[in-house]
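Trainee: Sharing a structure with you now.
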Amino acid sequence: MSEQKAIFEARGIEKAFPGVMALKGVNMTLMPGSIHALLGENGAGKSTLIKVITGVHLPSAGTLLLDGTETQFSSPRDAIAKGIGVVHQERNLFPRFSVAENIHLEQLAAGYLKPINYSALNEGARPWLEALDLDIDPATPVSELSVARMQLVEIAKALSLQSRVLLLDEPTASLTSSETERLFTILRRLRDGGTSLVFVSHKLEEVQEICDRVTVLRDGANACESRSMDGIGRHDLVQMMIGRAEGAAAWRHRDTTGQPEVLGLSDVSTSLGHKGVNLSVRKGEIVGLYGLVGAGRTELAKAIMGKFKVTAGKVQVNGKAVTIPNVASAIHDHGLGYISEDRKSEGLILQHSVLANAGVPIWRKLAGRFGALRDKRIHDAVLPYLQKLEVKTPSLNQTVANLSGGNQQKISVAKWLAAGVQFLIVDEPSVGIDIKTKAYLHELLRELADAGTAILVISSDMPEMIALADRIVVMDDYHITGEVTNSGVYDDISHAIMGLIHDAEEDSGAVVPLKEISV
Amino acid sequence: MTIQDINSPPGATGGLSRTRFFLSNEFGLILLIIVFAVIFGLSARGFLSPFNLFTLGRNSAINIMIGLSMMTVIVTGGLNLAVGAMGVSAAMVCGWLIEGLGVPWPLAILGGLAFGAALGFINGWMVVRTGLHSFIITLATMSIFFGAMIFLTRAEAFRDLPAAFSAFGKMKFANYLSPLLLVTLAVAVALAWLYRATLTGREMLAAGASPAAAELSGIRVDRMVILCHMLSGGLAGLAALMLVARNGAAIPSMAGQLGQDWLLPAFLGPVLGGTLLQGGKVSVLGTVLGAFLVTMLSSGLLMLQVGAFWVQTFLGLMLLVAVLLDKARRSYLARRNLA
Amino acid sequence: MIQISRLSRTDWFGPLLATLIAITVIQGFNDNFLSPFNIQILLLAIAVNALVAFSQMIIIAIGQMNLSVGAIGGLAAISFVGAMEVWGLPAPLAVILALVIGVGCGVLNGALIRITGISAFVITLATLSIFKGINLGITEAQPFYGVPDSVKSFGAALLVGPIPWLAVPTVLVTVAMWFMLRRMPVGRFILAVGSNEHAAGLSGISVGATVIIAHAVSGLLAAIAGVLVVARLQIGQPSIGDDWLILSFAAPVIGGAILAGGHVSVTATLLGVVIVAIITQALVLFSIDPFLVQVVLGAMILAAVGLNKLRARQPVGKGSA
Ligand SMILES: Nc1ncnc2c1ncn2[C@@H]1O[C@H](COP(=O)(O)OP(=O)(O)OP(=O)(O)O)[C@@H](O)[C@H]1O
Ligand SMILES: [Mg+2]
């Protein structure tokens, strides 16, 4: 295998953004018939490297070689034409277009005026959907799909190009484990057919499962360059990524039974369709709210925050029944906070600076006479939290949109740390976060809880849930189906949780597939 | 290695903020203003005469105010097509209060401004309640407000206003400075303070940049949007009252059919000044400079006797040249900075 | 049941319902409303206004605005008459010249927007001023009267019954627009760019070419509208196009277009034009104070888009924005 000639090579790639040197002379060599892992912490430059390879960004220096000859891509089209396909980290689908049209857009781009034959388009899309075991009518508009299915459509779109080099930037971030398995089967098949694949993921188990070669980036430079995965263990990977060994904090038993209740829901129904929801979170407790995507967890969180109406039942904060009319009141009057799962549109104001974002919830507190607000005070109030989370930014005045995904997530967490709320809902906290930050984040949430904050963690990531929660409440189809006290033993707890979800699915019978479509 | 520069307090980064200033719209506008002032000063007779400076100042005072009125709504990511209609309506209410009800003029002025703000409230409230883009709402209310105003006034002007009005419009400090310009500058300073250093202003910007994120961070986005529209209405009223002071009468047609004549100045100032049409970013100084540049260009072109019919073409061309130059300058600087 | 709810989700259902109700109510009050003469007047107004609305609609589709629609239409109109009067060009050649000017203006808009990266709003504001200024510079605000008889008779001729010949170009354009946006890659690219420019670029669509094409189409449609107005008025007024702006936005928006781009409906936009025409005509019929016409027009825009919004809200629990 090592005799083979490289299909694609990137040499000494540099990429500068205003104020940031994202890549500082990176090398990567891709072999045919191989799955190449591209690893690194948040902001290490993985996505940037992929964008340089696929013609989105022009490198500031360095060369790209395809089959040994130097090439230049001035646009994504060039790269596609040369057989380089990609699934970017962010979604790039057109919600109002059908699945088939989204899949074939690249091919259509050849001519402007030739009328489109939609039935041929649908037929053409079917094999790619079937390859992914996706049971969707190709004529369905993408907007009607769940996030996970959109992700799969995006992968189908890349597959349909039948490219020789296929780069996948965190393709599994929003997939369930069974969907991931299906994807892997296809990736293996492609590999065996001679395609060269690049796979980016923060989940090292996945990397170890399917990758045969690896490149690690640290701070925009190679920490390891196109090595074989043979003999490299998880610890070595972590060591290369973060420059030291992993310090993952394990689950520890925390007892909060004696503490007063901070938030209590009894028989709550909401305008979104929740019925008879009972939930109680005590001071210093971390409660997990587990469920599959679409179970109504985010919606419940938003209803608690006053974004949607509670139509029946009682909401109690510190034992007093309250009605929360809007989110501002939840935050400022009742000390509740919500870290959104969708940081780009709900968690952060992307075009504003790091400082402005981190300070929003405490502006009111910091405002002086006549509502005067001074940057210095905001700066002093938020800086410790940004430092604690090791936010990587050239300055506090940097626009948040220019930071890497992981760093953005850190800021959306830091702002609630600064706000000092008594009850915090954390929605899918570690989507797209590297292992180091994830460990930090977990430790931080525990510290917060130890200091008395009541925390509700929403996650679809079972290991995360079991590592973090004291008690796990399971939600399915807008109902609470049961509760498990966490013992930290993965097999027992995951079994119990899946049991709760499974029972519920059997009860509701044929209704299940419908609800997946609606969210 | 991880957090560079994070410890330095904001604004204290001397080198960085200076290059940032040279990259800014404001600097570009100042350059353009100087360049054109020199060109006109050398080529157009009387461009620098005290009388011309006085009219230039007075006209720019009004145009800047119109631009600021639009700017306050652009902050929310919206537009206010009804600026003209609202402004004229407010001025007509003021005139009616004086002539129809005999209210003393200072109170009448307040009444007019309050009426402008009330119309703004209607716009803002509808934008919030319907969730429609303000472009549509104000497109409709522009028609409604203007139509109702014309219907109620029977298109007749209020001409018997107290002498104080036109005296203020004609007043000159040091032979060339109009007090109207001072009013405008005072308002501009207040707005700059609002957006830079107050809770309300910051919340307006956050709400405009990303309503969903702002709401989940505890900002009453609805209130902020309504407030922005009210501010816009008040400023539009103020601009119209300044026009009344200049003309000596409150005339229903002073902003053209449906108030459309104001639209061009209303957008030019903020847009040239670097206020993002998507909302969330604002430059008060830029708006002031942008509106001033445009006023100066039209005045200079008239003095050059380009022929009244071609003035509009030249104005458009100069606008284009202005934004192109600005763009070129910034990309040049950005490239040099990177290297 | 399902059929109806599906119907009610389409963009054209609301406007169609509103149109039918408006026609019934107005006819109930005044049976002159559906007289052949009135229908002819309505169709004449619709023929021109639909082109104006489409001219804006295609730009809304790419997520931009074109403030210079009226200025392009006006410039094309006076070039059309001017070429015939001053140079003695035959009418067909003059039409072609006018359309070429329209396309040229559009391409200029698109190219400037693309090359400079400055927002369409600003560029078209500037070119609005330039085109209108050229118009005034050429005409010195005086109309051209030299419209040949062939054009005049085209403008006045009826095809069948009350249907004027002037409606024919509009019908062809409507069909072509529908086909382009539904079935042709270029139309899909326009919608894709409007929906997400970044993603469109990543999918290999040439964003620049698409933007320029959209503006060229917009200019072409504005120019056709300008020529039709000349045929209808039988005179080359420099003020043609001055009052197009509001209408050009109102109709697509009543038709459910999303100003952010990526979604427009040809049928619903046409219905939007029809609604505006009907109401304007009704106000004239009822001899309502002309000053109040504006108020009613404004209220009507609000009502129509409000209804549209209600319809869009119906699917509950979908998204949170
Ligand atoms: N368009 C841009 N403008 C300015 N800086 C950018 C831009 N894109 C990326 N960067 C910077 O380049 C660096 C690398 O970012 P990149 O997105 O490649 O990281 P990543 O390894 O993909 O991280 P993650 O795991 O969080 O996705 C970061 O510091 C980021 O802030
Ligand atoms: Mg990335």
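The values are calculated or read from the model by the stated rules, or taken from the named source; none is laboratory data. Quick caveat, the model's predicted, so the values are computed rather than measured. Don't worry about glycine lacking a Cβ; one is built from the backbone with ideal geometry, like all the others, and counts go over all protein chains shown. With ligands, DNA and RNA removed, areas are computed over all heavy atoms of the protein, side chains included. Shrake-Rupley method; radii C 1.70, N 1.55, O 1.52, S 1.80 Å.
Trainee: Residues of the range C:71-108 being open to solvent by 50 Å² or more (accessible area, probe 1.4 Å) and aromatic (Phe, Trp, Tyr), which ones?
Mentor: Within the range C:71-108, just C:Trp87 meets the criteria.
Quick grid of which residues meet (1) more than 7 Å from chain C (Cβ to nearest Cβ); (2) crowded, with 18+ Cβ neighbours inside 10 Å; (3) acidic (Asp, Glu):
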{"residue": "A:Gly68", "(1), (2), (3)": "yes, no, no"}
{"residue": "A:Val99", "(1), (2), (3)": "yes, yes, no"}
{"residue": "A:Leu105", "(1), (2), (3)": "no, yes, no"}
{"residue": "A:Leu108", "(1), (2), (3)": "no, yes, no"}
{"residue": "A:Pro115", "(1), (2), (3)": "no, no, no"}
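Trainee: Taking the condition of a type in the set (Ser, Thr, Tyr), within 14 Å of another protein chain (Cβ to nearest Cβ) and either free of Cβ contacts under 8 Å to residues at least 40 places away in the same chain or away from ligand 2 (no atom under 16 Å from the Cβ) (or both), does A:Ser178 pass? Lay out the reasoning, then the answer.
Mentor: Values: of a type in the set (Ser, Thr, Tyr): yes; within 14 Å of another protein chain (Cβ to nearest Cβ): no; either free of Cβ contacts under 8 Å to residues at least 40 places away in the same chain or away from ligand 2 (no atom under 16 Å from the Cβ) (or both): yes.
So A:Ser178 fails the test.
Trainee: Something else now. Which of the residues that make up the range A:381-415 are small (Gly, Ala, Ser), over 21 Å from the mean Cα position of the chain (by Cα) and either surrounded by 23 or more Cβ atoms within 10 Å (Cβ to Cβ) or more than 21 Å from A:Gly45 (Cβ to Cβ) (or both)?
Mentor: The answer is A:Ala381, and nothing else.
Trainee: Here is a follow-up. Taking the criterion of being of a type in the set (D, E, K, R), more than 16 Å from ligand 2 (Cβ to nearest atom) and not in a loop (DSSP other than H, G, I, E, B), would at least one residue in the range A:70-77 satisfy it?
Mentor: yes
Trainee: Between a first residue in the range C:134-161 that is within 17 Å of C:Leu228 (Cβ to Cβ) and a second residue that is at pLDDT 85 or above and open to solvent by 70 Å² or more (accessible area, probe 1.4 Å), which pairs have beta carbons less than 6 Å apart while being 6 or more apart in sequence or on different chains?
Mentor: C:Phe144/C:Glu85; C:Phe154/C:Trp165; C:Gly155/C:Arg232; C:Ala157/C:Trp165; C:Leu159/C:Trp165
Trainee: Sticking with this structure for a sec: Looking for something within 14 Å of ligand 1 (Cβ to nearest atom), over 25 Å from the mean Cα position of the chain (by Cα) and crowded, with 18+ Cβ neighbours inside 10 Å - is there at least one such residue anywhere in the range A:74-91?
Mentor: no
Trainee: Name the pairs: first residue in the range B:84-104 and without any contact (Cβ under 8 Å) to a residue 60 or more places away in the chain, second residue open to solvent by 10 Å² or more (accessible area, probe 1.4 Å) and in a helix (DSSP H, G or I), Cβ to Cβ under 6 Å, at least 6 apart or on different chains?
Mentor: Cβ pairs passing all conditions: B:Val93/B:Phe115; B:Leu97/B:Gly111; B:Val103/B:Leu97.
Trainee: Which one is farthest from ligand 2 (Cβ to nearest atom), of the residues in the range A:85-121 that are in a strand (DSSP E or B) and touching a Pro at 6+ places or on another chain (Cβ under 9 Å)?
Mentor: Among those residues, the one meeting the criterion is A:Ser98.
Trainee: So C:Gly102 fits all but one of (1) over 27 Å from C:Val253 (Cα atoms); (2) assigned to a helix (DSSP H, G or I); (3) more than 14 Å from every other protein chain (Cβ to nearest Cβ); what number is the exception?
Mentor: C:Gly102 satisfies every listed condition except (1).
Trainee: Here are some conditions: (1) in contact with a Ser or Thr (Cβ under 6 Å, 6 or more places away or on another chain); (2) surrounded by fewer than 22 Cβ atoms within 10 Å (Cβ to Cβ); (3) part of a loop (DSSP other than H, G, I, E, B). A:Ile324 meets all but one. Which one does it not meet?
Mentor: (1)
Trainee: Counting just the residues of the range B:126-136 that are more than 7 Å from chain C (Cβ to nearest Cβ) and surrounded by 24 or more Cβ atoms within 10 Å (Cβ to Cβ), which one comes out farthest from B:Met224 (Cα to Cα)?
Mentor: The qualifying residue farthest from B:Met224 (Cα to Cα) is B:Ser134.
Trainee: So A:Ser163 ticks every box in (1) within 16 Å of ligand 2 (Cβ to nearest atom); (2) assigned to a loop (DSSP other than H, G, I, E, B) but one. Which box is left unticked?
Mentor: (1)
Here's the yes/no breakdown for (1) among the aliphatic types (A, V, I, L, M); (2) touching a Leu at 6+ places or on another chain (Cβ under 7 Å); (3) under 30 Å from A:Leu396 (Cα atoms):
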site: A:Lys5; (1), (2), (3): no, no, no
site: A:Glu9; (1), (2), (3): no, yes, no
site: A:Lys15; (1), (2), (3): no, yes, yes
site: A:Leu23; (1), (2), (3): yes, yes, yes
site: A:Val26; (1), (2), (3): yes, yes, yes
site: A:Thr29; (1), (2), (3): no, no, no
site: A:Pro32; (1), (2), (3): no, no, no
site: A:Ala37; (1), (2), (3): yes, no, no
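Trainee: Applying the selection to the range C:270-292, what residues are open to solvent by 30 Å² or more (accessible area, probe 1.4 Å), without any contact (Cβ under 8 Å) to a residue 24 or more places away in the chain and of a type in the set (A, V, I, L, M, F, W, C)?
Mentor: Across the range C:270-292, the qualifying residues are C:Val284, C:Ile288, C:Phe291, C:Leu292.
Trainee: Follow-up. Answer yes if at least one residue in the range A:443-452 is in contact with a Phe, Trp or Tyr (Cβ under 7 Å, 6 or more places away or on another chain), open to solvent by less than 40 Å² (accessible area, probe 1.4 Å) and not assigned by TED's automatic domain parsing to the domain that holds A:Ala148, and no otherwise.
Mentor: Here is the first cut: in the range A:443-452, the ones in contact with a Phe, Trp or Tyr (Cβ under 7 Å, 6 or more places away or on another chain) are none.
Checked against the condition, which is being in contact with a Phe, Trp or Tyr (Cβ under 7 Å, 6 or more places away or on another chain), open to solvent by less than 40 Å² (accessible area, probe 1.4 Å) and not assigned by TED's automatic domain parsing to the domain that holds A:Ala148, the range A:443-452 yields no hits at all.
Trainee: Suppose the filter is of a type outside the set (Val, Ile, Thr), under 22 Å from the mean Cα position of the chain (by Cα) and either under 22 Å from B:Met230 (Cβ atoms) or at pLDDT 95 or above (or both); does B:Gly84 pass it?
Mentor: Answer is yes for this residue.
Trainee: Return the only residue of B:Leu268, B:Leu231, B:Leu264, B:Leu238 being closer than 30 Å to C:Phe291 by Cα and free of Cβ contacts under 8 Å to residues at least 40 places away in the same chain.
Mentor: Values: B:Leu268 fails: free of Cβ contacts under 8 Å to residues at least 40 places away in the same chain; B:Leu231 fails: free of Cβ contacts under 8 Å to residues at least 40 places away in the same chain; B:Leu238 fails: free of Cβ contacts under 8 Å to residues at least 40 places away in the same chain.
Unique residue meeting the criteria: B:Leu264.
Trainee: Any idea how many residues of the range A:372-411 are assigned to a helix (DSSP H, G or I), at the interface with chain B (Cβ under 9 Å from one of its Cβ atoms) and modelled with pLDDT under 85?
Mentor: Kept after step one, since they are assigned to a helix (DSSP H, G or I), are these residues of the range A:372-411: A:375-388, A:400-402, A:405-411.
Narrowing further to those that are at the interface with chain B (Cβ under 9 Å from one of its Cβ atoms): A:375-376, A:378-380, A:383, A:386-387.
Keeping just the survivors that are modelled with pLDDT under 85 gives none.
Residues flagged as assigned to a helix (DSSP H, G or I), at the interface with chain B (Cβ under 9 Å from one of its Cβ atoms) and modelled with pLDDT under 85 within the range A:372-411 amount to 0.
Trainee: Shifting gears a bit: Which one is modelled with the lowest pLDDT, of the residues in the range A:16-56 that are away from ligand 2 (no atom under 13 Å from the Cβ) and more than 28 Å from A:Phe184 (Cβ to Cβ)?
Mentor: Filtering first and then ranking leaves A:Gly19.
Trainee: Let me ask something else. Checking A:Ile433 against (1) open to solvent by less than 20 Å² (accessible area, probe 1.4 Å); (2) in a helix (DSSP H, G or I); (3) within 16 Å of ligand 1 (Cβ to nearest atom), which single condition isn't satisfied?
Mentor: (2)
Trainee: Just one of A:Gly43, A:Gly25 is open to solvent by 10 Å² or more (accessible area, probe 1.4 Å) and near ligand 1 (Cβ under 8 Å from one of its atoms); which is it? I'd like the intermediate steps shown before the answer.
Mentor: On the way: A:Gly25 fails: near ligand 1 (Cβ under 8 Å from one of its atoms).
Within the list A:Gly43, A:Gly25, the selection yields A:Gly43.
Trainee: Moving on to the next point. Name the one entry in B:Val75, B:Val88 that is within 16 Å of B:Leu152 (Cβ to Cβ) and crowded, with 21+ Cβ neighbours inside 10 Å.
Mentor: B:Val88
Trainee: To continue, here is another question. For the range C:263-286, enumerate the residues that are of a type in the set (Val, Ile, Thr) and either at pLDDT below 90 or farther than 24 Å from A:Ser143 by Cβ (or both).
Mentor: C:Val273, C:Val274, C:Ile275, C:Val276, C:Ile278, C:Ile279, C:Thr280, C:Val284
Trainee: Taking only the range B:178-220 into account, find how many residues are open to solvent by 20 Å² or more (accessible area, probe 1.4 Å), among the β-branched types (Val, Ile, Thr) and closer than 23 Å to A:Leu336 by Cα.
Mentor: 1
Trainee: Another one. If A:Gly420 satisfies every condition in (1) within 15 Å of ligand 1 (Cβ to nearest atom); (2) open to solvent by 20 Å² or more (accessible area, probe 1.4 Å) but one, which is the exception?
Mentor: (1)
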